[in-house]
4 protein chains.
Amino acid sequence: MRAAVLREPHRIELDQRPVPRPGPREALVRVSAVGTCGSDTHYYEHGRIGDFVVHEPLVLGHEAAGQVVAVGRDVEAITVGTRCSIEPGVPCFTCSQCRAGRYNLCARMVFFATPPVHGAFCEYVLVDQTMLTPVPDEVSDDAAALFEPLSVAVWANRKAEVAPGARVLVTGAGPIGLLVAQTAGAFGAVDVTITDVNPNRLALAERLGVPRAVDVSRTDLAAAFAPGPAPDVLIECSGIPAAVVDGLRALAPAGRAVLVGMGADEVALPVSRIQSHELTVTGTFRYANTWPTALDLVRSGRVDVEALVTHHVGLDGVEQALTMGARDPAAVKVIVRPQE
Amino acid sequence: MRAAVLREPHRIELDQRPVPRPGPREALVRVSAVGTCGSDTHYYEHGRIGDFVVHEPLVLGHEAAGQVVAVGRDVEAITVGTRCSIEPGVPCFTCSQCRAGRYNLCARMVFFATPPVHGAFCEYVLVDQTMLTPVPDEVSDDAAALFEPLSVAVWANRKAEVAPGARVLVTGAGPIGLLVAQTAGAFGAVDVTITDVNPNRLALAERLGVPRAVDVSRTDLAAAFAPGPAPDVLIECSGIPAAVVDGLRALAPAGRAVLVGMGADEVALPVSRIQSHELTVTGTFRYANTWPTALDLVRSGRVDVEALVTHHVGLDGVEQALTMGARDPAAVKVIVRPQE
Amino acid sequence: MRAAVLREPHRIELDQRPVPRPGPREALVRVSAVGTCGSDTHYYEHGRIGDFVVHEPLVLGHEAAGQVVAVGRDVEAITVGTRCSIEPGVPCFTCSQCRAGRYNLCARMVFFATPPVHGAFCEYVLVDQTMLTPVPDEVSDDAAALFEPLSVAVWANRKAEVAPGARVLVTGAGPIGLLVAQTAGAFGAVDVTITDVNPNRLALAERLGVPRAVDVSRTDLAAAFAPGPAPDVLIECSGIPAAVVDGLRALAPAGRAVLVGMGADEVALPVSRIQSHELTVTGTFRYANTWPTALDLVRSGRVDVEALVTHHVGLDGVEQALTMGARDPAAVKVIVRPQE
Amino acid sequence: MRAAVLREPHRIELDQRPVPRPGPREALVRVSAVGTCGSDTHYYEHGRIGDFVVHEPLVLGHEAAGQVVAVGRDVEAITVGTRCSIEPGVPCFTCSQCRAGRYNLCARMVFFATPPVHGAFCEYVLVDQTMLTPVPDEVSDDAAALFEPLSVAVWANRKAEVAPGARVLVTGAGPIGLLVAQTAGAFGAVDVTITDVNPNRLALAERLGVPRAVDVSRTDLAAAFAPGPAPDVLIECSGIPAAVVDGLRALAPAGRAVLVGMGADEVALPVSRIQSHELTVTGTFRYANTWPTALDLVRSGRVDVEALVTHHVGLDGVEQALTMGARDPAAVKVIVRPQE
């Protein structure tokens, strides 16, 4: 099979590799669509993310969907021919974090496209039978691939305890911010504000029905809320320290902040404000138990994931896909179709 | 002013009464719309609900909206001329239940249309300034009056922890059940089933967008869910013991049941099932902190309260309104307009 | 090895059986102590509990401790020679209940002494490596065996959200009730009341430091709380319907009831009270993630599990152990020592 | 009556003032004991705390107990002669924060010793009837005064969700840290570590039964936990930025941090760690609904508040009391007795 392999920073090549054979509890999935993510681009540019360093050639890509074409001898949960969305990490399931329902924090997680584990920019992948979610015909391959970033959004909204009555501020209108804002609406929030400095993305937010899109290069965040009530939820999706700080300062007493966007290791946070307003600040690391909900949200039309897709490429276009954001300000989400 | 007064069971008469004068922290509200509720009908027919007995002539009606026409000297929260939805009970605010955020359980609550406190089937009422929610022009008088039953629905959904991914069973498609089912959708539930034996109401549920309406006079509840996943939330709105029991037995492990419908004092519940499936069973008593959310849901169109209104009457039609349900199977919600 | 086998109701015999060999992820444990439980006695007397029927000869016993004497080839979590408390059930770890942190509700749980799975009234048992908790020297074999009923108590207190300030009513002063009451204290409850009709058990409760022990054959439960504040937690450990109902009626508004004691399949519960007081009623089915906490509570002396042990027998005394309760009103917990 | 009045920074004088007369819902309390707090000292030294500036002469002191000597005409909750602990703030009770059960976040709170509201370093104070907690004879005046800092500790432990099984790190062994650590034990934590650099305070922590006291001037915090499990709760009581950061870095995945100690407005927090470990960070501002629990903890002996008292002074010793910490490293809590 063909696989797009990151050999070193700024160099991806197509390789021929053997189609892998499923272990007893695994399925072999023919990959139909893979979203590209900022973390893929970061590996492409820097060869590392924090302590995860690409020492050996690595296949990137972790937002994937496909069709089961073979299964191992103990597979009961899934049958050949089923179209599936792929949850790209397998936890140990038995450590204390897993048993507590927080398998995303499992120290033994094996995760796609995280060195030394290969990802899905290739024709076939092996997936543990427990990590496949069948999708019905009305869910497209692109949409099924995007259950992964949608899961990030679902997880963030859960952590923020978004519900009807919540006033939600989403900072950053990239793919994750756009999904977070839509998902906030699906969680019942009527009053949702998204911010960015990119007018293309703010316009897309409005087309997606986000009630308020604020260009923070033109409008002060605090002014955007005066004199009305302050938001009680911040979901930070830009990774920009100023957005974190301004967002925290905008929150009402007892507000909840969830930091999704990755950026600086340390940020000077307004601790006295966190205290006087009893704000709660947390972050997200991947997600747990989100695929069934992602399916619900997509199938019911409550979240439009496909609206984010601006480009499609084949396996030979992976390098182009990973650099699209820098070249085209209108790019939001690029989908790789390995079979094309 | 005119007031419709319950003199004894099955006898309501129009009286002339003085327009009351607001105390220091009260507003005088000219009543524009009042919904009729099963509890009003119960007082009308039986002269009591449990320990609450109508000893003196009583004005019924507690689902009310109107316009502020005068305010007491210490009123700061509201101004003359404001159209408002009325929360019909005033708690003490300082007991341990109130301080814990559960003012609906305040033992000193003073509540409309609960003997000896008069309700809103009259031209003017006094309301504590803290219990008025201003509504914008696009919210009609009828809708503002129905924030009260919508609050019952919001409270039930909160107690049931409905969120995206929840599979919700609502038993009983009367006004409360119809609002509960719509509200479950607004809380993110995609998979909502409502049951009844009245085809008019089931048809209305479908028109309101409830995904599945089941006639339990024709279809067994258990069969309605097989072979798919069992519901994990039951919101019981019929008060019928069999619905409570069948609903509980239908729930998935760790399911939550919220009993809203009032009926028998005691019901034989499947305790061993509650244990083996670790079901959680609770009930609701009125609501707390729901009016802002009701406003959000109505204004955004996520819940259509006006679709429930089948009849309007003037103050001289209160008796007719309270008996409409028994005479017209298509009746859902009758609104009294005291100024007509 | 020797094993005490239930051949049919009221007949237990000692058999010779081969010592089992551990699978790749299992440990072979030499059993040092096994508590006897009401469920063992129920199988002994009736040959079934609900839908679980003893069709084949069955080894009972599920409250067990021992020492690892051999391990399978993939065992990493535990080493030969380690003294351990045994969690007697292995869930699938991957179903939706397991992933949500509720592995006790796993439909594929394999549990000791539940037909057709054998238990621990024998010299050696196999245990999955993930279900063993090492214990330090200061924790005795008896105490380590009793982590299992203590886990029931921990789980019940967690579900009841017992914390400082809670006023807790425990109905039934059998082994579980006595552990629940002690554990409530360890969770911070200062005001704990236990009820029973057996003076031996009430006296033991007092010796164990339970603040108030009430003989409900002499004192009305309601009177026991007047005129002070009502309890806000009920943990029902008797399985007697009247205790469930009286306990529920005793609760303060917003009270939580956890039904641990098993008895009738159906109980007529005061539904209107559950509604007017917004009581929450749930039950427990085994436990999840409790062993580390049980170890903490025992090692620190906050719960005295050994004080419950009134008798010891060898493997040839299992039948005697299972009938002790009926013969000796002072019996609380009988420990079987299979190596004696 | 006599009152110790802060005229300007570093100048407190005894004044004669009229004994105030209770309003309709107030009680006049003869003050028996008042603890001194770091915030009092801060006002004494700087004349302000953040935006709260002492423009007019101010009576400090907010940790108070006393005896009711007169009541207003509408007081029902309390009678003359009752010994009470005083909760030193009165919220509005009706705003959205109050109604949600978070009255500590009420923007209209009127709080002792916060300009321009006077405190309790005087012979008599007025207290709203809802803010008095009667104490039994076995609770001393000193103990009753210290319900206030104990409330800070209870609130912090609630926010941190401390329960049996929690491993708790308390940074800072001043009066609040010592109460927090004791209270963590009362909430069920067996594994509690307290840190400081003052050997007197660490020794006191050990005498109070805190399981582990670490001198962080000698031992690295990370080393203190290796190789055992990391703490899952941090309650930061020093206000020192390095303690906040080191404490956060010490936490296990899904750990909760509660920042109680006040210090810098901004602190550079390890945001990427908050994300990768999904840590939750919040702060506390006063407390809500804690007095009944404080009474429970003190009366039952689970928390020893009196052990913190190292000095007593009369009203003429307030200035000495507020500067004791700087002069005597063994000083922990100084109690002012206004009647002496």
#### Entry: In order through region D:217-222: 3J(HN,Hα) via Karplus (6.51 cos²θ - 1.76 cosθ + 1.60), integer Hz, x for Gly, Pro
7, 10, 10, 5, 4, 4
### Query
Which whole-Hz ³J(HN,Hα) couplings does region D:114-121 yield from phi under the Karplus relation 6.51 cos²θ - 1.76 cosθ + 1.60, θ = phi - 60°, glycine and proline marked x?
10, x, x, 8, 6, x, 10, 7
### Query
Non-local amide H neighbours of B:Leu269 (under 5 Å, H modeled in plane, Pro and chain starts lacking H): which ones?
C:Val267, C:Ala268, C:Leu269
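Can you give the translational diffusion coefficient of region C:65-196 in µm²/s, computed by Stokes-Einstein from the Kirkwood radius over Cα pairs at 20 °C and 1.002 mPa s? Don't skip to the answer; put the middle values down first.
Numbers: Rh = 16.7 Å.
Approximately 128 µm²/s, per Stokes-Einstein.
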### Query
Taking chain C as a Gaussian network, Cα atoms linked when under 10 Å apart, which of C:Asp128, C:Asp232, C:Asp220 shows the biggest mean-square fluctuation?
C:Asp220
### Set of lysines with alpha-carbon distance to C:Lys333 below 30 Å, sequence-local pairs under 8 removed
C:Lys159
### Message
Please list, by residue number, every one of the GluC sites (Glu not before Pro) in region D:96-170 that is coil in DSSP and has at most 13 other beta-carbon atoms within 10 Å.
### Response
D:Glu138
#### Entry: Ellipticity estimate at 222 nm from DSSP helix runs (n ≥ 4, -39,500 (n - 2.57)) divided over chain A, nearest 500
-7500 deg cm²/dmol
### Query
Where does each of B:His277, A:His10 land when they are ordered by accessible area, with a 1.4 Å probe and the largest first?
A:His10, B:His277
### Query
Rg and Dmax of the protein assembly as shown over Cα atoms: what are they, in angstrom?
32.5, 93
### Message
I need the trypsin sites (Lys or Arg not before Pro) found in region B:200-261, filtered to DSSP loop residues with at most 12 other beta carbons within 10 Å of theirs.
### Response
B:Arg218
## Note on the structure
Taking placed amide H atoms and a strict 5 Å upper bound, the residues 5 or more places from C:Thr282 or on another chain that come that close are B:Val281, C:Ala257, C:Val258, C:Leu259
### Task
Would you tell me the mean number of C-beta atoms belonging to other protein chains that fall within 10 Å of each C-beta in A:281-290, as a whole number?
6
### Value of relative contact order over chain B, rounded to a whole percent, pairs C-alpha under 8 Å and six or more apart
18
#### Entry: Restricting region C:43-98 to trypsin sites (Lys or Arg not before Pro) in coil, as DSSP defines it, with at most 13 other Cβ within 10 Å
C:Arg73
### Message
Could you work out what % of the accessible surface of the protein assembly as shown is carbon and sulfur, using a 1.4 angstrom probe and leaving DNA, RNA and ligands out of the count?
### Response
50
### Query
Is there a simple number for the mean count of other chain Cβ atoms within 10 Å of the Cβ of residues in C:91-100, and what is it?
6
### Task
Name the residues whose placed amide hydrogens come within less than 5 Å of the amide hydrogen of C:Val71, ignoring near sequence neighbours (fewer than 5 apart) on the same chain.
C:Leu28
### Task
Using the Karplus curve 6.51 cos²θ - 1.76 cosθ + 1.60 with θ = phi - 60°, work out ³J(HN,Hα) for each residue of region D:314-327 in order, rounded to whole Hz, and write x for Gly and Pro.
x, 4, 6, x, 4, 4, 4, 4, 6, 10, 4, x, 6, 9
### Query
Per residue, how much accessible area does chain A have with a 1.4 Å probe, in Å²?
37
### Query
In whole angstrom, how far apart do the alpha carbon centroids of region C:247-291 and region D:293-317 sit?
38
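Ordered by packing density, taken as the mean number of other Cβ atoms within 10 Å over each peptide's residues, highest first, how do D:162-169, B:295-302 rank?
Packing proxy ranking, top to bottom: D:162-169, B:295-302.
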#### Entry: Neighbourhood net charge (14 Å Cβ-Cβ; Lys/Arg +1, Asp/Glu -1) for D:Glu76
0
### Summary
Shielding of D:164-171 by other chains, given as the mean Cβ count within 10 Å, works out to 4
### Task
Determine the principal axes of the Cα atoms in region A:63-129, then give the extent along each, sorted from largest to smallest and rounded to whole angstroms.
35, 27, 18
## Note on the structure
So the compactness index of region D:153-283, its C-alpha Rg divided by 2.2 N^0.38 Å, takes the value 0.93
## Note on the structure
Per the rule of 0.36 nm per residue minus the C-alpha distance, extending C:Arg73 to C:Leu126 adds in nm 17.7 nm
### Task
Quote the total accessible area buried by chains A and B together, excluding ligands, DNA and RNA, probe 1.4 Å, nearest 100 Å².
1100
### Query
If you build a Gaussian network model of chain C, linking Cα atoms that sit under 10 Å apart, which residue out of C:Gln275, C:Gln320, C:Gln67 swings the most?
C:Gln275
### Query
How big is the gap, in Å, between the Cα center of region B:104-169 and the Cα center of region D:176-217?
48
## Note on the structure
Candidates D:Ile12, D:Ile49, D:Ile86; GNM for chain D (alpha-carbon contacts under 10 Å) flags as most fluctuating D:Ile49
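The values are calculated or read from the model by the stated rules, or taken from the named source; none is laboratory data. These numbers come from a predicted model, not from an experiment. Backbone-built Cβ (ideal geometry, glycine too); neighbour counts: all protein chains shown. When the accessible area is computed, the model is the full protein with side chains, heavy atoms only, and any ligands, DNA or RNA have been set aside. Shrake-Rupley method; radii C 1.70, N 1.55, O 1.52, S 1.80 Å.
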